Structures are given as C-alpha cells and as structure tokens.
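Everything on this sheet refers to the single structure shown next.
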Amino acid sequence: MQSRVITLRAEGPAHRALRAIWVLVLGLALALAQTMAADARGAPESFADLTEKVSPAVVNITTSTTVAANAGGGPRLPQGSPFEEFFRDFMDRQNRGDRAPRRGSALGSGFVISEDGYIVTNNHVIEGADDIEIEFFSGKRLKARVIGTDPKTDIALLKVDSDAPLPFVTFGDSDAIRVGDWVMAMGNPLGQGFSVSAGIVSARGRTLQGTYDDYLQTDAAINRGNSGGPLFNMDGEVVGVNTAILSPNGGSIGIGFAMASNVVTKVVAQLRDFGETRRGWLGVRIQDVTPDIASAMGLASAKGALVTDVPDGPAKEAGMQAGDLIVSFDGNDIADTRDLVRRVGDAEVGKAVRVVVMREGRTRTLTVTLGRRETAEGEAVPAAAAPGSPAETVVLGMTVKALTRDEREALSLPAGTEGLVITAIDEASEAFSKGLRPGDVITEAGQTRVATPGDLAARVAEAKEAGRKSLLLLIRRGADPRFVALSVE
C-alpha cells in the first residue's frame, strides 16, 4: 500500500515537469547522434553516379617520340662475364641491320579543365614527345600541343582545338580534404582504357624529392598509365593529380601519390597566362632549426628558417643577414624551411612583402621586394671579406687556422671568403660526430664573423660566461653553408 501511495504522488506536477525535461534531453541526444552519423560519411553505396558525372572530362594520352638508333645498348652484364663476349657479338649483328631511328610511344592520363580545351597531365607523360594524341571518353581523338610545363611539380598544360565545347571538371580545395576521406582515381592504367578505382586519403603533405612537393597519399589503385589522371573527392572536384606510386614491382600495392590541387592550380594558372612558371625569389640560403641550434640561439622552440648565406639579391638589398632567423613571411608564421620555400614560391614576383626575422634576440621587420626564382637559379654566390693570421690553435676538438687565399681557391670557396679552416679534427669530438671535417671553414661563431683562431676562442669564452651550453658556428664546405651548434661545457 505504501508503494502505491508513492506512485500516485510521483504523478504530480513536479514529476511531469521532470519527465518533460528527460524527454527533451533524450530528443536532443538523438538529434546529436544523427548529426554525428551524417558527418561521419560512411562508405558510399556506389561510385556509379560520380563516375558518370566526371568520366567525359577524363582523357587518355598517347605520345610518340623519336628514339635514337641502338638506344639502350642491350642487356648489361658484369664485366668479365663468360656471356659478355657472346652478347656483344649478338648485339653487333642485330644493330648492323637497325641503324635508323625508331619511334617510341607512351601512355598516360589527363583531364579537361575548360570547355575550350585546356588539359592537365604530368610533365613526365609528355616530356620529349614529338606527337601527342588525346582520346576522349566518347572515343573522339584530337591532337594536342604543349602550352607549358613545370618539371618541379611534374605538371604540364596541354591544349586541343575542338569545334564543340568540351566537358570539363573543376578543382577542389585539397587543404580541406581529411585523412580518411573517400577519393576516386580515374585514368588509363597499363593502357587498358578508361578505368576507375576508389579508396581513401591515407596521408597528407607527403614529399618525394621536389622543392614544392605536397602530395596526397591514397590507397586507391594507381598503376602505370594512371599518371596525370585526376583524383576526385565525392563532390566530383579534382583534389589531386595522380603522379607516382611506391612499389617494389611496378604494380599498385596501395601507396599512391597525387600532387595536391592547391599546388596544381597555381602552376596551371601561370602556365596558362605565361607559358612558364614565375615563382617568387627571396635570395637566401636557409636550413632548419634543430633543437641544439635552438638551444644555442636561446630560442624557446625549434621553428623558423635559419639564414646561412645572403647573396646579392632581394633579401640582401632589404638588409637581411646570415644568422637571421626568419619567423614570419608576408603575415604567415614560418614552421621550417619547406614552409618558407613554398610560401615564397607562391608569392607574386615583384611583390613587396614583410619578413620578420629574429636577430640578436630581437625581432626586426624587413620589407623585401621579391625577385623571380627562374631567373636567379644558377647565379653564383658572392664573396665575403679578407684573410687573417696563419697560426694554428685547437678549439673544441678542432685544429683551426686563418684561411689563406690559396686555400680558399683549393677548397672551391667563393672569392673573398674569410674564416678559419679546419686542418685536423679529433674523431672523438662532438664536432666530428656532427659531420665537421678537415677542409671545412668556420666563417662565424656566435653569429659573429671570425678571422683568427683568437676570435673563435673569444666567442667560446663569451658563451661560457653568458651561461650558454652551446655555440653556434657557421660552416662552409665549398659553396654550401650550414649552421652547427657545438657544446662549450
């Protein structure tokens, strides 16, 4: 009877209000769960609709090239092999009947980006080609001409002339795509014709070997012949250009790379406007900041790009110096050298940009008017100053003496370079373990020029007195400068 009384009392106004609150909470929880499920974007039921939508803009590319007679030279055998003479005689007989140049052909993929016939592909697909033929999904074939190429990103822009507007696809934002998102690759794998494969983005920001590399890694099957084809997001936008695979046997093992669309769009725009790339040029040599270099410079973290040399150019005209740490470029914080190179390359030639550097513990803002990298590449790095005294001294495990003119020439150093040449080094020293060797030249210590062994010893003493654990040295080996931090304890 008591329990019945409690039950009746619970049905009063307070309980009804409480129950209403619980119903509201449960409803909100259900709505949130449905929203999260929608955001999770499970595997699509089919890629058929997407395939039908974008296929007309994807093309097969066939190239032909004149190959010099006897190119390749036949099989390679170890010197002294018992078969070496046999194969040499055999190949000589074969080659006597085949002196004329041959025609070679190659296959690749691409995609149309405008109704008037501009086509994007890889540079390596069409490099050196005498003839380029485009096959469309409809079976239509047209000859293409090269508008421009960029070997640094392996991108080429082609053009065909068509009587009717061509179906085309647009670029998407590769920075918005996430690891785990679905993507679809299209192309002409192994010359088998139009083919589709699907997978996910396995990683972002991959680098292979180029200065401007920014690859999306995918497990969507990419094989030979897919090069230059598009990698689509689920909205049918191109987020990458399929370029390379990692494989021990030449076939797909689920590790493919597509150059990110946000790199490609900038390159394509320049090729379309100028027929060539026009990248910004700052005019400095740089290296990453390692933890020990950060400690030697008194930095809180190993970030930024450390300037090792400033030849004649935009940065020097703006007052930049070796030893400056570039922490910001055109309003963007700089994480490392790769970040700086990318941002400078993307910047407009002739633009005046604000560059923030750390020098002697303080920040300075410089205004640099960017040059053009393509024009500046290959120019010699200029000189520095004059020689000093020849006396030898052992400092931090290194035997050093002032660099003479004859030694400067023998070591292929830039004219006018001054500093201390390492004549011997203790193999048990930290300097040796960090790669320093006899013939290397120390041009700065503690971001101050050194011309005599006494200068170096003084910088070591100053570092100890200031309570620093290490000293930053600027080292030259030939034309290449780099910073190395050595312990002074």
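The numbers here are math on the coordinates, done by the rules we state, and not lab data. Bear in mind that the values here come from a model prediction, so they are computed numbers and not experimental data. Reconstructed Cβ throughout: ideal geometry from the backbone, glycine too, with neighbour counts over all protein chains shown.
Couple of notes before you dig in:
- Stretching the chain fully between residue 211 and residue 316 yields a gain of 35.6 nm (0.36 nm per residue, less the alpha carbon separation).
- Karplus 3J(HN,Hα) series, Hz, for segment 276-283 with 6.51 cos²θ - 1.76 cosθ + 1.60 (x for Gly, Pro): 7, 8, 9, 9, x, 9, 8, x
- Computed log10 I(q)/I(0) for segment 393-487 at 0.13, 0.18, 0.23 Å⁻¹: -0.38, -0.73, -1.21, from the Debye equation with unit scatterers placed on every C-alpha and solvent omitted.
- Between residue 449 and residue 203, the FRET efficiency estimated from the beta carbon spacing at R0 = 35 angstrom works out to 0.20.
- In summary, the lysines within cross-link reach of residue 469, defined as a Cα separation below 20 angstrom excluding same-chain residues under 8 places away, comprise 303, 434.
- Taking a straight line from the alpha carbon of residue 53, these lysines sit under 27 Å away, with near neighbours fewer than eight places off in the same chain left out: 140, 143, 159, 266.
- Charge sum, other residues only, whose C-beta stays under 12 Å from residue 54's C-beta, Lys/Arg counted +1 and Asp/Glu -1: -3
- Residue exposure sequence - 328, 197, 295 - by fewest surrounding Cβ within 10 Å: 295, 328, 197
- Aspartates and glutamates whose Cα lies under 12 Å from that of residue 316, excluding same-chain neighbours fewer than 8 positions away: 324
- Pairwise label distance in nanometres, residue 272 with residue 426, each label 7 Å out on the Cα-Cβ vector: 6.3
- Relative exposure of 274, 329, judged by other C-beta atoms within 10 Å (fewest first): 274, 329
- The label-point distance for residue 137 and residue 170, in a model that sets each label 7 Å from Cα toward Cβ, rounds to 1.7 nm.
- Summarising the label geometry, the points placed 7 Å from Cα in the beta-carbon direction at residue 190 and residue 49 lie 3.2 nm from one another.
- Taking each residue as 0.36 nm, the span from residue 480 to residue 374 lengthens on full extension beyond its C-alpha to C-alpha distance by 36.2 nm.
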